[in-house]
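Q: Sharing a structure, written as structure tokens. Questions coming.
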Number of protein chains: 2
Amino acid sequence: MIGIGVDAGGTFIKLLAATESGETIELKQIPTLSQDGPKAFTEKICAVVKDWQKQFKGEKLAVGIGVAGDTDPQKGVIRYSPNLSKWRNVAVSGPITEATGLHCVLENDANMAAWGAYDYELKRKYPNVLAVTMGTGVGGGLVINGVLYHGATGCAGEIGHVNVVPQGELCHCGDRGCIEAYAGHYAIVRRAEQALMRAPEKSILKKLTANTQISGELLAQAADEGDPIALEIWRETGSYLGRGLADICLVLNPDAIVLTGGVSMAHKHFMPAIVEAFSLRQITTPFKHVKVVAAHTSNLGSIGAALLALESAKTSK
Amino acid sequence: MIGIGVDAGGTFIKLLAATESGETIELKQIPTLSQDGPKAFTEKICAVVKDWQKQFKGEKLAVGIGVAGDTDPQKGVIRYSPNLSKWRNVAVSGPITEATGLHCVLENDANMAAWGAYDYELKRKYPNVLAVTMGTGVGGGLVINGVLYHGATGCAGEIGHVNVVPQGELCHCGDRGCIEAYAGHYAIVRRAEQALMRAPEKSILKKLTANTQISGELLAQAADEGDPIALEIWRETGSYLGRGLADICLVLNPDAIVLTGGVSMAHKHFMPAIVEAFSLRQITTPFKHVKVVAAHTSNLGSIGAALLALESAKTSK
């Protein structure tokens, strides 16, 4: 069987075809253009899927689609997606199955990343896995006892808005002190901008950002080159994230936490602070066991989507 | 079938026999005397079980045992129990099965309460349930997708040590600012003692505690009678607990939270503050759905133990 994984972001739709072991055999990226509406969106995905159906004639295929936002996996419906022109109640799985004849699953993109972390990154070695998606915001997904866990209303794993500082920094959600308000890309950039004001003129960070806006990537580069301001911002990021993850470890007692998404690329600069935050807790059992790693795979969301489609096609028979 | 549920505390062992629907048909309490050692402990439990075997001759029985502390449910071993003379690695299920011929399960008492909450209190209506045990300390147990969830090392659900105030009040675990450091019985009493010092002589709370030590029960009585200090302490308790539970709702998205244990009896005085803490969050989905209730049953731990024994006997066939 071959899984087709789709990661539908606000700007691009990334599609890949993968084997049952998660090996990528085809890769395609097309512009999302969600302003053209849901019908154009599903048709565009179907066009690629149909091409691959021809290409892999004789193979059984299944499709998995991950989108940012609130989804109803049982109905295959996007309840609300801020990134896709604020669509509400858009059926996705149904139209795709109708057009292609293929089994199709829809999930929140963090859930797809969680499945990718469990199935591909960790090869199903650990039954209880938390994936943390570190992009503009901080999201998460959970695999519990080897099954993707949705919770009561499909928003389980949404760790970005766990509070780490009462009345702390302002978060995009409107609250204060959430994990995301410290470890989301915008929050890291916000702290970096503030730090830049007091940075010495000859600092690496100041030079790197002289003609361009500061970004997580530049901040990581500055840290790579030993800039103390950049290093401190990453340490803080790890410290706040670690504080929140420590609470989650007490509740979930997971086997593994997999960090993924763009910001996780700088893991070497913030991982030690996560480990330190864990070591500060007096209760030690969950922290001795849990494995915290940064994903090696950059497209864990679409690989997870492909593999979850295969899993779902098998178990729904 | 009849389930025998055992709640082994530091002072008393409470045993009950219950039908499959959780109706209690026998009840017995014996002193624990853990200083006599594990052998005397299991023999004492077996003596009652054997009596009930005679009494319910012809019925199939199964035994469930809940203890405070760290257990290995798979092996039926108490890894460590502070309340039972600090026992380490004491086999319980094996000796009981050997002596009685009955299927026997062992769990942390909060896990037994969680099963009781899911199976008895909520009649299996909700697949994802968090039980919060409010006694001297604050513990918890989780049922996920209708199955008791242990986590990687058996300590899942230990919500008492989730941080709600960085560098806050001292907790029994040695950390600062844990939920337990605000909502554990000792923490409530600690705040009440401090408040008593500044309380007017004619206050209800001062009168109630004139010749006796303050307790959660007296504090509840004072609140029942409208004492403003007592009411404020309960409000604070709910506010801190609610703050922690809100974070847990974001991660777990549970269907229901069931508060149990002695302190939960005062729920009418602290529940509004939990609801308020939930309403303060900007993300609303998990909070709209979750049902937060205080258990109606005072012995949810032993009923849960009896019912989990029956569940386990059925599924292990």
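Q: If B:I248 passes every condition in (1) over 22 Å from B:E169 (Cα atoms); (2) buried (at least 20 other Cβ atoms within 10 Å of the Cβ) but one, which one does it miss?
A: (1)
Listed here are the residues, each with its yes/no results for (1) part of a loop (DSSP other than H, G, I, E, B); (2) in contact with a helix residue (DSSP H, G or I) (Cβ under 7 Å, 6 or more places away or on another chain).
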| site | (1), (2) |
| --- | --- |
| B:A192 | no, yes |
| B:K207 | no, no |
| B:A210 | yes, no |
| B:L219 | no, yes |
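Q: Next question, about the same structure. I need every pair where a residue in the range A:15-31 that is under 17 Å from A:I45 (Cα atoms) has its Cβ under 8 Å from the Cβ of a residue that is aromatic (F, W, Y), sequence separation at least 6 or different chains.
A: A:A17/A:W52; A:A17/A:F56; A:E26/A:W52; A:Q29/A:F12; A:I30/A:F12; A:P31/A:F12
Q: In the range A:212-226, is there at least one residue being surrounded by 15 or more Cβ atoms within 10 Å (Cβ to Cβ), under 30 Å from B:T284 (Cα atoms) and out of contact with any Ser or Thr (no Cβ under 9 Å at 6 or more places or on another chain)? Spell out how you get there, then give the answer.
A: First, pick out the residues of the range A:212-226 that are surrounded by 15 or more Cβ atoms within 10 Å (Cβ to Cβ): A:214-216, A:218-223.
Now drop any that are not under 30 Å from B:T284 (Cα atoms), which leaves A:216.
Checking the rest, the ones that are also out of contact with any Ser or Thr (no Cβ under 9 Å at 6 or more places or on another chain) come to A:216.
Checked the range A:212-226: at least one residue is surrounded by 15 or more Cβ atoms within 10 Å (Cβ to Cβ), under 30 Å from B:T284 (Cα atoms) and out of contact with any Ser or Thr (no Cβ under 9 Å at 6 or more places or on another chain).
Q: Could you check, for the range B:274-288, whether at least one of its residues is assigned to a helix (DSSP H, G or I), facing another protein chain (nearest Cβ under 8 Å) and touching a Gly at 6+ places or on another chain (Cβ under 9 Å)?
A: yes
Q: Given B:V275, B:V290, B:V251, B:V258, which one is within 16 Å of the chain's Cα centre (by Cα), within 23 Å of B:E180 (Cβ to Cβ) and at pLDDT 95 or above? Working first, answer last.
A: Values: B:V275 fails: within 16 Å of the chain's Cα centre (by Cα); B:V290 fails: within 16 Å of the chain's Cα centre (by Cα); B:V251 fails: within 16 Å of the chain's Cα centre (by Cα).
Among B:V275, B:V290, B:V251, B:V258, only B:V258 is within 16 Å of the chain's Cα centre (by Cα), within 23 Å of B:E180 (Cβ to Cβ) and at pLDDT 95 or above.
Q: When you go through B:Y126, B:Y120 one by one, which is the residue that is within 14 Å of another protein chain (Cβ to nearest Cβ), in contact (Cβ under 8 Å) with a residue 12 or more places away in the chain, among the aromatic types (F, W, Y) and over 29 Å from B:K39 (Cβ atoms)?
A: On the way: B:Y120 fails: within 14 Å of another protein chain (Cβ to nearest Cβ).
One residue alone meets the criteria, B:Y126.
Q: Please go through (1) away from chain A (no Cβ under 14 Å); (2) under 24 Å from A:D255 (Cβ atoms); (3) part of a helix (DSSP H, G or I); (4) not hydroxyl-bearing (S, T, Y) for B:N89 and return the number of the only condition it doesn't satisfy.
A: All conditions are met except number (3).
Q: Scan the range B:242-270 residue by residue and report those that are at the interface with chain A (Cβ under 10 Å from one of its Cβ atoms) and assigned to a helix (DSSP H, G or I). Show your work before the answer.
A: We begin by selecting, within the range B:242-270, every residue at the interface with chain A (Cβ under 10 Å from one of its Cβ atoms); these are B:243-244, B:246-256.
The answer is B:R243, B:G244, B:A246, B:D247, B:I248, B:C249, B:L250, B:V251, B:L252.
Q: If B:G154 passes every condition in (1) in a strand (DSSP E or B); (2) within 12 Å of chain A (Cβ to nearest Cβ); (3) touching a residue at least 60 places away in the same chain (Cβ under 8 Å); (4) not basic (K, R) but one, which one does it miss?
A: It is condition (1) that B:G154 fails.
Q: Name the residue that is nearest to the other protein chains (Cβ to nearest Cβ), counting only residues in the range A:174-189 that are more than 20 Å from A:L259 (Cβ to Cβ) and buried (at least 16 other Cβ atoms within 10 Å of the Cβ).
A: First, pick out the residues of the range A:174-189 that are more than 20 Å from A:L259 (Cβ to Cβ): A:174-177.
Checking which are buried (at least 16 other Cβ atoms within 10 Å of the Cβ) leaves us with A:175, A:177.
Details: A:D175: 5, A:G177: 10 Å.
Going through the qualifying residues, I end up with A:D175.
The values are calculated or read from the model by the stated rules, or taken from the named source; none is laboratory data. Just so you know, these numbers come straight off a predicted model, no measurement behind them. With ideal geometry, Cβ positions are generated from the backbone for all residues, glycine too; neighbour counts draw on all protein chains shown.
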